[in-house]
Amino acid sequence: MESKKMIIDYTHRQAGHCESGATSNLFKFNGLELSEPMAFGLGNGLYFSYIPFLKVQYAPMMSFRNLPNTVFKRSTNYLGIGATVIKKFKDPAASMEALDRNLEQGLPTGVQVGVFQLPFFPPEYRMHYNMHNMVIFGREGDIYHVSDTVMEHPQLISYSDLVRVRYAKGPFAPEGKMYWIHGKIDQPVELKPAIALAIKKTVKEMIGIPFPLIGVKGIRWMARDIKKWPKKHGNDKSSCYLGQVLRMAEDFGTGGAGFRYIYGSFLKEVGELYNHQEMLECADMMGKTGNKWREFTYTGARNCKNRSKPEEDYTKLGNMMADIADSEEQVYRKLQKIIL
């Protein structure tokens with residue numbers, strides 16, 4: 001392999017969520033100071049879907065985040081910033097050549113990867129999850145420099161390992177996806193209208209889509225299903241299903257409580273920026289909803305470990321999730337009426 005050396009002066013910062021952290025860092029590199037919560041909110045990071053007929057790790061599929069690349073693509077679109085998202089490459093070699101071209105031009109580049117074979121990931125975090133994001137900012141020979149916001153420091157990965165994780169198999173396979181900002185952001189951005197568009201879109205996705213497995217409707221559907229699991233599937237399978245819910249809600253993609261806290265921070269930042277009391281009230285409400293998600297996962301973990309009290313059964317967990325749906329809907333209904 002041809003020896004290459006190209007390292008971009010890119011600042012790595014840890015973040016609460018991989019894609020919103022990567023997006024925020026890419027904005028900062030190109031001259032726009034944008035916090036992770038602001039990137040997350042502008043990119044419609046908050047979401048929920050429950051697809052019980054699609055199995056991941058032998059359990060029903062659910063997602064607390066939007067589809068990969070949504071945060072980056074929508075935030076740059078709303079702000080009118082030149083950026084590119086390539087959804088897939090059929091040829092891995094072509095995808096790596098495209099990545100190298102970007103590095104040669106001084107463009108740090110976001111990539112979607114699967115975490116199961118990511119060599120620098122702690123073993124306990126590895127699972128067949130293909131919606132992880134990280135930024136490549138350099139290459140020395142066969143080794144690439146990686147900014148993965150889950151990690152405290154930048155990491156290194158070999159050419160072959162990077163190809164492997166960029167072409168991981170399974171649901172939401174990355175297929176070589178990559179994204180980047182075209183260059184320095186040297187014109188003022190219109191933040192206020194972008195925020196208004198983003199909030200409107202999140203509200204629509206959480207309470208305005210008629211499909212019953214998306215948004216608040218999806219949370220309610222899942223709440224009803226959880227109550228039926230023991231009778232329908234037995235204790236062992238129900239415990240497996242519940243464990244998957246807890247992993248998705250707490251460990252992978254930041255999940256339930258974490259995303260609510262990030263979105264609450266976004267609303268708080270907007271409220272303070274524009275001295276908007278109702279927005280600050282929504283931020284507080286979203287934070288309290290995050291607390292309810294955390295209580296749900298704590299109770300669910302006790303159940304999975306057989307440490308729960310008799311009353312901490314699947315009926316209670318379903319009721320807790322239904323209460324979460326009600327709390328979230330109140331936030332979105334209030335946001336729906338706010339005019340910035």
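The values are calculated or read from the model by the stated rules, or taken from the named source; none is laboratory data. For clarity, every value in this text was computed on a predicted model and none was experimentally measured. FYI the Cβ positions are ideal-geometry reconstructions off the backbone, even for glycines, and counts take in every protein chain you see.
Values as computed for the structure displayed
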read-out	value
Residue match in region 96-113 (condition: part of a loop (DSSP other than H, G, I, E, B) and within 24 Å of residue 249 (Cα to Cα))	no
Selection within region 165-192 - in a helix (DSSP H, G or I) and more than 18 Å from residue 68 (Cα to Cα)	191, 192
Of the criteria (1) under 16 Å from residue 108 (Cβ atoms); (2) surrounded by 18 or more Cβ atoms within 10 Å (Cβ to Cβ), which one residue 182 fails	(2)
Search result, residues across region 312-337 that are of a type outside the set (Val, Ile, Thr) and within 22 Å of the chain's Cα centre (by Cα)	321, 325, 327, 328, 329, 332, 335
Any hit, region 162-169, residues being surrounded by 18 or more Cβ atoms within 10 Å (Cβ to Cβ), closer than 30 Å to residue 272 by Cα and out of contact with any helix residue (DSSP H, G or I) (no Cβ under 7 Å at 6 or more places or on another chain)	no
Among the residues listed as 92, 123, the single one being loosely packed, with under 15 Cβ neighbours inside 10 Å and over 17 Å from the mean Cα position of the chain (by Cα)	123
Hey, residue 98 modelled with pLDDT of 95 or more, surrounded by 13 or more Cβ atoms within 10 Å (Cβ to Cβ) and over 27 Å from residue 237 (Cβ atoms) or not	yes
Near pairs, Cβ below 6 angstrom, 6+ apart or cross-chain, from region 193-218 (of a type in the set (Lys, Arg)) to any residue that is in a helix (DSSP H, G or I)	none
Options 271, 290: the member that is small (Gly, Ala, Ser) and either outside the structural domain of residue 235 (by TED's automatic domain parsing) or under 19 Å from the mean Cα position of the chain (by Cα) (or both)	290
Members of region 71-86 that are polar (S, T, N, Q) and surrounded by fewer than 18 Cβ atoms within 10 Å (Cβ to Cβ)	77, 84
For residue 156: the one exception among (1) touching a Gly at 6+ places or on another chain (Cβ under 6 Å); (2) of a type outside the set (Phe, Trp, Tyr); (3) surrounded by fewer than 16 Cβ atoms within 10 Å (Cβ to Cβ)	(1)
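Here's the yes/no breakdown for (1) over 15 Å from residue 50 (Cα atoms); (2) outside the structural domain of residue 151 (by TED's automatic domain parsing); (3) at pLDDT 95 or above; (4) polar (S, T, N, Q):
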site	(1), (2), (3), (4)
213	no, yes, yes, no
216	no, yes, yes, no
225	no, yes, yes, no
230	yes, yes, no, no
238	yes, yes, no, yes
251	yes, yes, no, no
256	no, yes, no, no
267	yes, yes, yes, no
